[in-house]
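Take a look at the structure below.
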Amino acid sequence: MPIFNASFRTQGGCAGAYPRVRMLPLVSIVTPVLNGGRFLAENLASVRGQDYPRLEHIVVDGGSTDRTLEILRNAPGIVWISGRDAGMYDAVNRGFRIAQGELLGYQNADDRYVLPNAVSTMVRHFLDHPDLDIVYGNFRFIDEAGTPRGEVRGRDFDLDALRRYSCVPPHSALVRRRVVAEEGHWLDPTLRLPGDWDWFLRLGLAGKRFGHLGMVLSEFRLHRESTTATLPLRVKLADWRRVCQKNGTSFPLLLWYESLYMPLRRRLGLLA
């Protein structure tokens, strides 16, 4: 039977910077996790440390057998549920469905925000540009110890560029709730790895408006136990092909995988 803990409280410590805090949009960050106890505390701390005063953090556990549930039970100010799911993107969708926020984002359990004002910076961009549906920034790779291993600098949104490669990092992005919940743009739960690229590609093809912030907002961790590292190459390639076929685009991630990601893994000693 699913475990549900609704000990939600509004986070943040700079309400004085916002004279009308209650008028600000609530932001919901979803973290999917399965046996992610090794890095989960860092993720929780990075969200808890955000200076934005209206922030909800929802953790969706897929039935962990490590220290994950112990960490969640002792974590202040979060909403968490635990029960079997159909994978990472199904877990994110489950979190989005119970989220109360007007703006939605997700952070994997082994990733983290870089800056305490990452969320507030994205919200400010939404407030300054109310026509936008998605706001995103840049990110950098880190290794198991949290040491920076390379920055990925994004670019202003270009649908043709998005067709060629995944240039919108989900861990540095927020999306308006109505785009997901009301218009039905959920993540594809049948995908194992490129669900984020598929999601943003579908949003771009649907004419949604993206805004880019030219600053690093989050860190993506490379380690031996991650889905990125452990998923067989044939499964990754099959998923990427499916995303390309259903969205009518090319197959660019093979080039990215071979020219950037694989050399980086070799440098970090993550290849068997």
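Each value in this text was obtained by applying a stated rule to the coordinates, not by laboratory testing. Everything quoted here is computed from the prediction, not taken from an experiment. We place every Cβ from the backbone using ideal geometry, glycine too, and count neighbours over all the protein chains shown.
If I model a spin label at residue 21 and residue 127 as a point 7 Å from the Cα along the Cα→Cβ vector, what separation in nanometres do I get?
The answer from the label model is 1.3 nm.
For a quick check: sort 236, 246 by the number of other beta carbons within 10 angstrom, fewest at the front.
Taking fewest neighbouring Cβ atoms as first place, the list is 246, 236.
Which parts of region 93-109 would a label at residue 38 reach, counting a residue when its backbone N lies under 14 Å from a point 7 Å out along Cα-to-Cβ?
109
Please rank 147, 121, fewest neighbouring Cβ atoms within 10 Å first, as an exposure proxy.
In order of increasing Cβ crowding within 10 Å: 147, 121.
Using modelled amide H (1.01 Å from N, peptide plane; none on Pro or chain starts), what sits under 5 Å from the amide H of residue 150, excluding residues fewer than 5 places away?
141
When a footprinting reagent is the concern and you count Cβ atoms within 10 Å, what order do 183, 102, 56 take, fewest first?
Taking fewest neighbouring Cβ atoms as first place, the list is 183, 102, 56.
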